[in-house]
Amino acid sequence: MEFKLAWRNIFRNKRRSIITISSIIFAVIFSVTMRSLQNGAYDNMLKNIVGNYLGYIQIHYKGFWKEKTIDNSYYIKDLDSLNNDPTLAYINHRVEGFALASHEKESKPVVILGINQTAKSEQAQIKNSLIDGSFLYNESNGILIGKGLQKIMNITIGDSLIFLSQGFQGSIASGIYPVVGIVDLKTPDLNKRSVIMSLNNAQDFFGIYHMASSAIIGPKNEKWEKTEKSISNQLDSSKFEVMNWQQMLPELKQLIDVDRAGGTFVLIILYSILTFSLFGTVLMLAEERNFEFGVLVAIGMRKSIITRISLYETLIMSVAGVILGLICVIPVVTYFHFFPINLSGQMQEVVEQFGFEAIIPTSLDPWISLTQAIIVFTITLVVNLYTLIKIKNIQPTKAMRA
Amino acid sequence: MTYQSGDIKVQALQNIDLTINPGEFTAIVGPSGSGKTTLLNIIGGLDSPTKGSVKINDTYITQLHEDELIDFRLHNIGFIFQSYNLIPVLTAKENVEFLMLLQNREEEFRSERTLKLLKAVGLEDQIYKRPNEMSGGQQQRVAVARALASKPSFILADEPTANLDSKSSENLLNIMQKLNKNEKTTFIFSTHDQRVINKANRIVTIEDGKIISDTSQ
Ligand SMILES: Nc1ncnc2c1ncn2[C@@H]1O[C@H](COP(=O)(O)OP(=O)(O)OP(=O)(O)O)[C@@H](O)[C@H]1O
Ligand SMILES: [Mg+2]
């Protein structure tokens, strides 16, 4: 009977119930869409720069990140034991060092990046950015250069560059390498000073045989924190430094944090609007029903029963609103996950300049829907506390005099 | 009984000593503001007196806690209000059945009694109508059926005919009278209406919160 009364009460003022349910639906749709877009954008950003280029986690010889010299290199075999770590998908060793590059009369400082060109994850990244020429082939000593560097030094494919640098423990490093391809690394800065060669050639050039300067760690799944912890536990912290992307790219972490905070602010405003609109409804309802509640108490209905009926009413409406909202929003979010929004025009340029793909796929993380649904649901319940207090204080004679 | 409104105290009732016996058909009469509603509210446990006590059967209801008092009303007192006060979302049948549901009565008992009562008030053809689909007189007759449904010891009715035209008033009073005669249902009602007063077999007159006459006829 309690449930029947609640159900009938909802249909008693259809328009108001529809408005209430609609505002809940709207809040769910809006908050879930917004959070999915935001988190999707972050995920994509991380996947691109962090996932492919920088890696979520890197291991270096202790002190390398602060002072990027060739002397701060480690022996690759010292990290071999990590290959047995189940939280880890792959390790790519890289050599990174500075050199002076010369071509005809031009000389420029460059960063030489030696990569394992046979590793799939490395190939994927570099091959995507190749805009001219060919990729690095095994056994060749060819190099790839950034498109900015190509322009400055006026290089065509097939030309050779001469590098001069300080090698391991003060030795002199020098060599001549033919340019086989041009890459666009998206960031102008990277394009102006990047040279990519095979890991073997880089080791030869710097005179660091069997050594590397950074190990890019691919975590098994999205929970890179777990991988980081597992690695840190295995390594001697006096010899190695384990860094995650947040430590390596504090600006990106900050950017995401600020953006997320902005989103939270917008959501708080949305929740406030929802709270006030629901509160308005609840207030009107409580006033209207006051008389009726008075009658019910007078003829012998306990307040606890009236409270339950009113709770059922709220529950039915908020559950309906939340479920309908999710039914509306989940297909939309799913669609834009598989067919991401393409940014165009200026927006696209700006985003690409920062090294990000100009698309926003939505995140499919079920936690987003769940948390937003719970928040909206909680707001509805909290707002209805007013009715409950009102019922508790009912005095039948007063209520019926109105 | 003293009401406090702001700084002003209103003595609505004083020195009331009244005993109602089972089977009586009592009218409480008196001018507006004399204390009729206050008296009925105190008898029904809707208001509590500043001094004194109310004893129904063997229970001092003035000593009951909130939920006990609500339960006491549910099982012992039937209420009829001036403005009907049916539950708008329930049909006539459901309105009558309602209190029996609160009393946890069996399904069979409920539907049998509901039909019997609606028949007694002459509404057997209106059982599926909601209050807003019925006239005032019909609604008040549903209210009488509802008041009887819980098998109360007596029924309190504060100006039950005030909102009704004379024909509906007469009809309602006849029904109440019949229930009083045939079923020995005790009625206590307040009224201004002389024709209603004439049907009572006991008339209690109050003025300024005091009983000034108490006659049986
Ligand atoms: N809640 C209240 N607060 C203050 N004074 C009240 C309250 N209720 C009633 N009174 C006062 O108590 C006195 C008796 O009121 P009551 O409503 O019992 O009269 P009544 O005989 O029912 O009048 P009517 O015939 O107009 O219904 C009046 O003077 C009234 O103003
Ligand atoms: Mg009155």
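Here are the numbers:
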quantity	calculated
B:E112 being more than 16 Å from ligand 1 (Cβ to nearest atom), more than 21 Å from B:E183 (Cα to Cα) and without any contact (Cβ under 8 Å) to a residue 60 or more places away in the chain	no
Segment A:293-322, residues that are touching a residue at least 40 places away in the same chain (Cβ under 8 Å) and either within 22 Å of B:A147 (Cβ to Cβ) or outside any helix (DSSP H, G or I) (or both)	A:F293, A:G294, A:V295, A:V297, A:A298, A:K303, A:I305, A:I306, A:I309
Some residue of segment B:154-169 being away from every other protein chain (no Cβ under 14 Å), away from ligand 1 (no atom under 16 Å from the Cβ) and β-branched (V, I, T)	no
Qualifying positions in segment A:118-134 - open to solvent by 20 Å² or more (accessible area, probe 1.4 Å) and at negative phi	A:T118, A:K120, A:S121, A:Q123, A:A124, A:Q125, A:K127, A:N128, A:L130, A:I131, A:D132, A:S134
Qualifying residue in segment B:94-107 (condition: in contact with a strand residue (DSSP E or B) (Cβ under 7 Å, 6 or more places away or on another chain) and open to solvent by 40 Å² or more (accessible area, probe 1.4 Å))	no
Among (1) at pLDDT 90 or above; (2) open to solvent by 60 Å² or more (accessible area, probe 1.4 Å); (3) over 30 Å from A:E288 (Cβ atoms) - the single one A:H337 does not satisfy	(1)
Count - residues of segment B:75-99 that are touching a residue at least 24 places away in the same chain (Cβ under 8 Å), out of contact with any helix residue (DSSP H, G or I) (no Cβ under 6 Å at 6 or more places or on another chain) and not in a strand (DSSP E or B)	8
Test for B:D58: is it surrounded by fewer than 18 Cβ atoms within 10 Å (Cβ to Cβ) and away from chain A (no Cβ under 12 Å)	yes
Residues located in segment A:194-213, provided they are among the aromatic types (F, W, Y) and open to solvent by 20 Å² or more (accessible area, probe 1.4 Å)	A:Y209
Residue list for segment B:87-106, filter: farther than 23 Å from B:N76 by Cβ and within 14 Å of chain A (Cβ to nearest Cβ)	B:P88, B:V89, B:T91, B:K93
Test: residue in segment A:313-327 that is crowded, with 21+ Cβ neighbours inside 10 Å and either in contact with a strand residue (DSSP E or B) (Cβ under 9 Å, 6 or more places away or on another chain) or within 14 Å of another protein chain (Cβ to nearest Cβ) (or both)	yes
Unmet requirement for B:S32, which otherwise passes all of (1) over 18 Å from B:F189 (Cα atoms); (2) loosely packed, with under 14 Cβ neighbours inside 10 Å	(1)
Every residue from segment A:1-17 that is within 8 Å of chain B (Cβ to nearest Cβ), open to solvent by less than 70 Å² (accessible area, probe 1.4 Å) and out of contact with any helix residue (DSSP H, G or I) (no Cβ under 6 Å at 6 or more places or on another chain)	A:R8
Strands (runs of 3 or more DSSP E) lying entirely in segment A:137-250 (those with 3 or more residues that are touching a residue at least 60 places away in the same chain (Cβ under 8 Å) and under 17 Å from A:N92 (Cβ atoms))	A:194-198, A:214-219, A:240-244
Qualifying position, being among the small types (G, A, S) and within 14 Å of chain B (Cβ to nearest Cβ), among A:S272, A:S304	A:S304
Meets criteria (more than 14 Å from chain A (Cβ to nearest Cβ), under 13 Å from the mean Cα position of the chain (by Cα), among the hydroxyl-bearing types (S, T, Y) and away from ligand 2 (no atom under 15 Å from the Cβ)) for B:T186	yes
Residues located in segment B:107-126, provided they are out of contact with any Asp or Glu (no Cβ under 9 Å at 6 or more places or on another chain) and away from chain A (no Cβ under 13 Å)	B:E108, B:F109, B:E112, B:K116, B:L117, B:K119, B:V121, B:G122, B:L123, B:E124, B:D125
Exclusive hit being away from ligand 2 (no atom under 16 Å from the Cβ), free of Cβ contacts under 8 Å to residues at least 60 places away in the same chain and on the phi > 0 side of the Ramachandran plot, set B:G136, B:G122	B:G122
Flag for A:F279 being in contact (Cβ under 8 Å) with a residue 12 or more places away in the chain, under 27 Å from A:T380 (Cα atoms) and open to solvent by 60 Å² or more (accessible area, probe 1.4 Å)	yes
Residues being within 16 Å of ligand 1 (Cβ to nearest atom), open to solvent by less than 90 Å² (accessible area, probe 1.4 Å) and either at pLDDT below 90 or in a helix (DSSP H, G or I) (or both) - total across segment A:366-402	4
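Residue-wise test of (1) within 16 Å of ligand 2 (Cβ to nearest atom); (2) in a helix (DSSP H, G or I); (3) farther than 23 Å from B:A200 by Cα; (4) away from every other protein chain (no Cβ under 14 Å).
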residue	(1), (2), (3), (4)
B:I20	no, no, no, yes
B:T26	yes, no, no, yes
B:P31	yes, no, no, yes
B:T37	yes, yes, no, no
B:L40	yes, yes, no, no
B:G45	no, no, yes, no
B:K51	no, no, yes, yes
B:D67	no, yes, yes, no
B:D71	no, yes, yes, no
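To keep it simple, each residue is scored yes or no on (1) within 15 Å of the chain's Cα centre (by Cα); (2) within 12 Å of ligand 1 (Cβ to nearest atom); (3) within 20 Å of B:I80 (Cα to Cα).
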| position | (1), (2), (3) |
| --- | --- |
| B:I20 | yes, no, yes |
| B:G30 | no, yes, yes |
| B:I42 | yes, yes, yes |
| B:I56 | yes, no, yes |
| B:Y60 | no, no, no |
| B:H65 | no, no, no |
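The values are calculated or read from the model by the stated rules, or taken from the named source; none is laboratory data. All values reported here derive from a predicted model rather than from experimental measurement. Positions of Cβ are backbone-derived with ideal geometry, glycine not excepted, and every protein chain shown enters the neighbour counts. The protein model used for the area step is the full one, side chains on, heavy atoms only, and it has no ligands, DNA or RNA in it. Shrake-Rupley method; radii C 1.70, N 1.55, O 1.52, S 1.80 Å.
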